[in-house]
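The values are calculated or read from the model by the stated rules, or taken from the named source; none is laboratory data. Worth saying up front: this structure is predicted, and the values here are computed from it rather than measured. Virtual Cβ from ideal backbone geometry, glycine too; neighbours counted across all protein chains shown.
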C-alpha cells in the first residue's frame, strides 16, 4: 500500500494542470498602420509570451490598408526578388516571436494557425515556411502556399510541429514568393486579416478571446523540480530495502 502511495505521489508531481489547447494568441486590436509589432493578447499559465515582430525584409505599409474598419491586422510589402528560403533568410523576411516556459513548466507545440492571408490579383503565390531555434533554424517544420485573390482566403495551418521545451523557443515564419511565378512588379502586398475568415474564439481565465488572428496550439505541463524528485526517491528507499530483506 505504501508503495502504491509513493507511485501515486510521483505521478502527480509529473502531471499537468493542463492549459487549454491554445497556449499563445495574438489579435489585431492594437495594430496600427505602419506598425511592425503584433501585440500578444493571451498566453497560458506557465508561459511568457512576446509580441510578433517583423524582420527588415517585411515592410509595414503606412499609406493604405491596415486594421481600421476591415479589422485587417497587417498590410505589408515583400520584394518580388525574395523567392526562396535562402533569399528570405538573407533579407530577414520573416515574422518572429518567442515562447518561454517559467521555472517548473514545460510546453509542447502541435500546430500554428494563421488567419486569412489575402493577396491582390496579379500577385505571385506566397510561400510561408516555419522554423524554430530548437535546431538553430536548420530545418523546415512545415510550409504553406497561398495563391492570389479572395478565393484563397482561409486559415493557414502548420501541423505536426512536435516541439517540447522547458526553456525558450524562438519561432520564425519566413515568407517568400514562389520561384516558378513570373513577378511583374518590384514588390507585392501581403494582407494578414481576420475580417473574411477568423479562427474560432476560445475562453481564457478572464473571458472570451475573440477573433484571434494567430494561435499557437499545444499544452503546458508542470514538471517537478529536481529537489522534489530526489526527496521522493529518498523517502521510498527504506521501503525498497525493507522489501528486499
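Yes or no, residue by residue, for (1) part of a loop (DSSP other than H, G, I, E, B); (2) over 23 Å from residue 78 (Cα atoms); (3) at pLDDT 80 or above; (4) within 17 Å of the chain's Cα centre (by Cα):
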| position | (1), (2), (3), (4) |
| --- | --- |
| 151 | no, no, no, no |
| 161 | yes, yes, yes, yes |
| 172 | no, no, yes, yes |
| 185 | yes, no, yes, no |
| 191 | no, no, no, no |
| 196 | yes, no, no, no |
| 199 | yes, yes, no, yes |
| 212 | yes, yes, no, yes |
| 218 | no, yes, yes, yes |
- Task: Report yes if some residue within the stretch 112-119 is surrounded by fewer than 20 Cβ atoms within 10 Å (Cβ to Cβ) and outside any strand (DSSP E or B); otherwise report no.
- Result: no
- Out of the residues in the stretch 51-76 that are assigned to a strand (DSSP E or B) and surrounded by fewer than 18 Cβ atoms within 10 Å (Cβ to Cβ), state the one that is modelled with the lowest pLDDT. 59
- Query: residue 84 passes all but one of (1) modelled with pLDDT under 75; (2) surrounded by fewer than 21 Cβ atoms within 10 Å (Cβ to Cβ); which number fails?
  - Reply: (1)
- Taking the residues in the stretch 94-111 that are farther than 14 Å from residue 25 by Cα and surrounded by 22 or more Cβ atoms within 10 Å (Cβ to Cβ) as candidates, determine which candidate is nearest to the chain's Cα centre (by Cα). 95
- Query: Could you say whether any residue in the stretch 131-147 is modelled with pLDDT under 90, more than 13 Å from the chain's Cα centre (by Cα) and farther than 16 Å from residue 214 by Cβ?
  - Reply: yes
